[in-house]
Amino acid sequence: MRPIALQISALSKLAVLDLYRRKDLAVVFVLGGVILAPLLFFTPFGVSTASRYTNELALLLVWLFSAVIGLGVSARLFPPEFESRTIYPLLSKPVSRGTVLAGKYLGALAASLSALAVFYAAYGLLAGVRQGVWFPLIFWQALFLHAAFMVVVTALSLLGSLTLTASANLTMCGLLTVGMLVFGQRLPELATAQPVPGKWVLYAIHWIAPHLEFFDLRQRLVHEWPPIGWGVCVAVWLYALCYAAACLALASVVLRRKKF
Amino acid sequence: MSRDCSRWMFLSFAAAVVLLGRAIPAAFDDGMPQVRGEDVLAQVLGETRLAVSQALLAKADEYFHGGVRHKDCDHGLTECGYDEHDHDHEHDANEHDAHHKFDPWCIINRRVHVQEHRHMKGAEAKELLPWLWAANRMSADNLQSIQASVYVLNSMLGNPAAARDMLQQGIAKNPCSADLEFVLGELYLRSFKDGAKAETAFRAALEKNILQNDEDARLLRLRTLFYLGYLSKLKGDIAGLRQHLLEAEELSPQHICTRDLRNLLQQSEGP
Amino acid sequence: MEALIMEEVVKAFGVVRAVDGLSLSVQQGEILGFLGANGAGKTTSIKMLLGFFRPDRGRVEVLGKDPCDPAARIKIGFMPETAYYYPFLNVRELLALYGGLCGMGRESIARRTETLIPRVGLSEAGKRPLRTYSKGMLQRAGIAQALLHDPDLLILDEPFTGLDPLARIQLRDLILDLRRQGKTVFFSSHELSEAELICDRVAILRQGRLVSCGSVRELAGDGGQNLERIFLKVLGVDAQGGRLA
């Protein structure tokens, strides 16, 4: 392996170990199980069992937990390095700051995506058992776009981790994520209804903030709507890559200028 | 030694908490701050229960439309009538998106998120039950959710027994509701073909309706009178039918229910 | 040949000049003690030597290269004053991480790890996570990571802090051993007795300026004073901390 690949691999491994040794994943799994298990045995009005609501709740938990893990892992990339001063031995090695950033980002992404894969596998099994439909095409599309979501939120949180504490970063990115998932689609509509200063603020948010609702195929997956076109999937992925690249470029500038 | 001691102390403390939890309500009975046996949801959520229940009903309505929230749809579960509706909707997001036709983000959103309008049909309606159950459980005062549940159980899933049980529970919790008695009457008449029980329910609806004096109550009274007239006709009680027609004419001589009653009377009296 | 050169280096943070016209050079194979009171500018100087930031004025060169170039740091080993290394790793994983950052292959990392862990006295704690380590043990782990890639220049920031007497002796022997191997050691310290025992030269810094530099014998002059006396004299304070007339 080339030295830069070794460097990136070493840094990435650190983020993955951080996630798994902190047992965050085990905690959210237990939590998810505790929330979902009673629902699996629930028969409302004593009539036949419904499955969509459990699927929807399971997917909601998948989104919630994956966002928490993605944002949390990225939010913890730099602040502990600054607080415990491990950034000094790190940067004293023959490694550029750009490589440090890339390694940390890829590590956070790998950790988040591995957690996402585990969540979706569990969801796929649950939905398969409940509905009798095993891993339909829309499932793979939902996973594919959810992975793009992780690409964006980890980059966003990484950018925040260079200037904010982990908790402040997690809170801000969490609010932005939830806000965009809930209101992202309706921003132009809301902007149109506002008087002038508010209107421009909302339009600015519409153009600048990450449209995380692009990656959300829960509605189609739960209610068995047909899959979206692959062209749309590719467009959404391109959007994610561009947004993440912009965040990383900005993070690179911040890291280069940062005095330790 | 100290660990054993801590363990015993913990167990003793837990036992004491359980005993006190049993003993105090038994000892003070009516003197407790909350009514004994009152629902924990009522204690925790108070008056917000109805709002939460409405939100859960809205969720059921969203499911009815395939997970899409149609705020401009006037025939969903929240506006649940008893007429089957089968129609093609072309009210896509085109209207409000006309301003943002060339906005790339809006274009992507329209492709990713469902824009079509569909209604749940047949056995698929079982998917609505958890939300309706939760809406009813959250607030017994949400008559709309009880009526929607009856509609789904009876008309969509073909389970009138479950609908009746649910409705009777709803009436027990809302003893003044004329609407629920009316729905029960319709259920007995249409699904169980039990005229006697239906008449009892309609008469109860009429009695409870006297207490109210708004437009909705007036319309419900007209509809109840129609059914009572219809049941009188089935029994061959022409005098009863005439009496119900007179009452209906007093309320609204031109209303469709009054006209139908008039027609029924004419049919009974012959040419 | 000089391993390290600082020429008329100035670094200011706002209105405070942390380093003010510092000129210093260290020969290859030399041990230089970089001494000064708290806030004298030692750590700022070290950070410039490691390329963490550039000086406002002057020139810094390490092993003939600009330290801001990552390639220049390939032969530098650095141990920070107190670093609380990743608590979820054990020392072997920590060394694997830093080895990877130095571009070392898996085999060479394993070989160096096997040599270094006993050398810094962490054989028995090799599999324990670092969160269970004492401050002194973390310091030893820090020394191991600094030596991992066999650097020619070792920069140590307060290396004796937190070490018990036995570990101090081991570290002292280690530094002397490195000099025997032709390595250059540049360390900052408050431990004057340790510096006196191992340094070829000491440089004393006050308010960002170099006020004295030479071997302990040269600085002592004919009076034959120990380094503590020399230090106090150079800084212009008496033994009670009061300023000398």
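The values are calculated or read from the model by the stated rules, or taken from the named source; none is laboratory data. Computed from a prediction, not measured in an experiment: that's the story for all the values here. Cβ atoms come from the backbone with ideal geometry, glycine included; neighbour counts cover every protein chain shown. Remember, those area values only see protein heavy atoms, side chains included, never the ligands or the DNA or RNA. Shrake-Rupley method; radii C 1.70, N 1.55, O 1.52, S 1.80 Å.
Taking the numbered list (1) more than 14 Å from chain C (Cβ to nearest Cβ); (2) surrounded by 23 or more Cβ atoms within 10 Å (Cβ to Cβ) in turn, A:Ser51 passes all entries but (2). Total residues in the range B:250-259 satisfying the condition of being assigned to a helix (DSSP H, G or I), surrounded by fewer than 17 Cβ atoms within 10 Å (Cβ to Cβ) and touching a helix residue (DSSP H, G or I) at 6+ places or on another chain (Cβ under 7 Å): the figure is 1.
Can C:Glu114 be described as acidic (Asp, Glu), more than 13 Å from chain A (Cβ to nearest Cβ) and farther than 26 Å from C:Lys47 by Cβ?
Answer is yes for this residue.
List the number of the failed condition for A:Ala111; all other conditions in (1) in a helix (DSSP H, G or I); (2) more than 12 Å from the chain's Cα centre (by Cα) hold. Going through (1) in a helix (DSSP H, G or I); (2) more than 12 Å from the chain's Cα centre (by Cα) one by one, A:Ala111 breaks only (2).
With the structure loaded, tell me whether C:Arg92 is over 22 Å from the mean Cα position of the chain (by Cα) and within 12 Å of chain A (Cβ to nearest Cβ) or whether it fails that test. Taking the combined requirement at face value, the residue does not satisfy it.
Among the residues of the range B:223-236, are any at pLDDT below 90, basic (Lys, Arg) and either open to solvent by 70 Å² or more (accessible area, probe 1.4 Å) or in a helix (DSSP H, G or I) (or both)? Looking for residues that are at pLDDT below 90, basic (Lys, Arg) and either open to solvent by 70 Å² or more (accessible area, probe 1.4 Å) or in a helix (DSSP H, G or I) (or both), one finds at least one in the range B:223-236, hence yes. When you go through B:Phe182, B:Phe192 one by one, which is the residue that is buried (at least 22 other Cβ atoms within 10 Å of the Cβ), more than 14 Å from chain A (Cβ to nearest Cβ) and within 30 Å of B:Leu128 (Cα to Cα)? Within the list B:Phe182, B:Phe192, the selection yields B:Phe182.
Within the range B:111-133, being assigned to a helix (DSSP H, G or I), more than 8 Å from every other protein chain (Cβ to nearest Cβ) and either surrounded by 18 or more Cβ atoms within 10 Å (Cβ to Cβ) or acidic (Asp, Glu) (or both) holds for B:Glu124, B:Ala125. Of all residue pairs spaced 6 or more apart or on separate chains, those with beta-carbon atoms under 7 Å, a first member in the range A:77-90 that is more than 7 Å from chain C (Cβ to nearest Cβ) and farther than 17 Å from C:Gln139 by Cα and a second member that is surrounded by fewer than 22 Cβ atoms within 10 Å (Cβ to Cβ) and of a type in the set (A, V, I, L, M, F, W, C) are A:Phe78/A:Leu162; A:Pro79/A:Ala166.
A single member of B:Ala27, B:Ala55 is at pLDDT 80 or above and either part of a loop (DSSP other than H, G, I, E, B) or not charged (D, E, K, R) (or both), and it is B:Ala55.
Every residue, every condition in (1) of a type in the set (Phe, Trp, Tyr); (2) outside any helix (DSSP H, G or I), yes or no:
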position: A:Phe149; (1), (2): yes, no
position: A:Asn169; (1), (2): no, no
position: A:Gly174; (1), (2): no, no
position: A:Gly179; (1), (2): no, no
position: A:Gln194; (1), (2): no, yes
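Among the conditions (1) open to solvent by 20 Å² or more (accessible area, probe 1.4 Å); (2) among the small types (Gly, Ala, Ser); (3) at the interface with chain A (Cβ under 9 Å from one of its Cβ atoms), B:Ser149 misses just one, which is (1).
Taking the range A:211-241 as the range and being of a type outside the set (A, V, I, L, M, F, W, C) and either surrounded by fewer than 17 Cβ atoms within 10 Å (Cβ to Cβ) or assigned to a loop (DSSP other than H, G, I, E, B) (or both) as the test, the residues that pass are A:His211, A:Asp216, A:His223, A:Glu224, A:Pro226, A:Pro227, A:Gly229, A:Gly231. As a summary of the residue check, C:Tyr98 satisfies the conditions (1) open to solvent by 10 Å² or more (accessible area, probe 1.4 Å); (2) within 8 Å of chain A (Cβ to nearest Cβ) except for the one numbered (1). Can C:Ser108 be described as assigned to a loop (DSSP other than H, G, I, E, B) and surrounded by fewer than 21 Cβ atoms within 10 Å (Cβ to Cβ)? Taking the combined requirement at face value, the residue does not satisfy it.
With respect to the conditions (1) under 23 Å from B:Gly195 (Cβ atoms); (2) modelled with pLDDT of 90 or more, B:Glu249 falls short on a single one, namely (1). For the range C:134-158, the tally of residues that are open to solvent by less than 20 Å² (accessible area, probe 1.4 Å) and either within 21 Å of C:Met104 (Cβ to Cβ) or within 13 Å of another protein chain (Cβ to nearest Cβ) (or both) stands at 17.
Among residues that are under 16 Å from A:Leu90 (Cβ atoms), open to solvent by 30 Å² or more (accessible area, probe 1.4 Å) and within 11 Å of chain A (Cβ to nearest Cβ), C:Lys75 is not included.
Restricting attention to the range A:35-69, the residues that are at pLDDT below 85, among the small types (Gly, Ala, Ser) and in a helix (DSSP H, G or I) total 1.
If I ask for residues that are hydroxyl-bearing (Ser, Thr, Tyr) and assigned to a helix (DSSP H, G or I), which ones from the range B:185-218 would you list?
The answer is B:Tyr188, B:Thr200.
Can you confirm whether the range A:149-164 contains a residue that is modelled with pLDDT under 95, surrounded by fewer than 20 Cβ atoms within 10 Å (Cβ to Cβ) and under 19 Å from the mean Cα position of the chain (by Cα)? The answer is yes; a qualifying residue exists. Being at pLDDT below 80 and of a type outside the set (Phe, Trp, Tyr) is a description that does not apply to C:Asp177.
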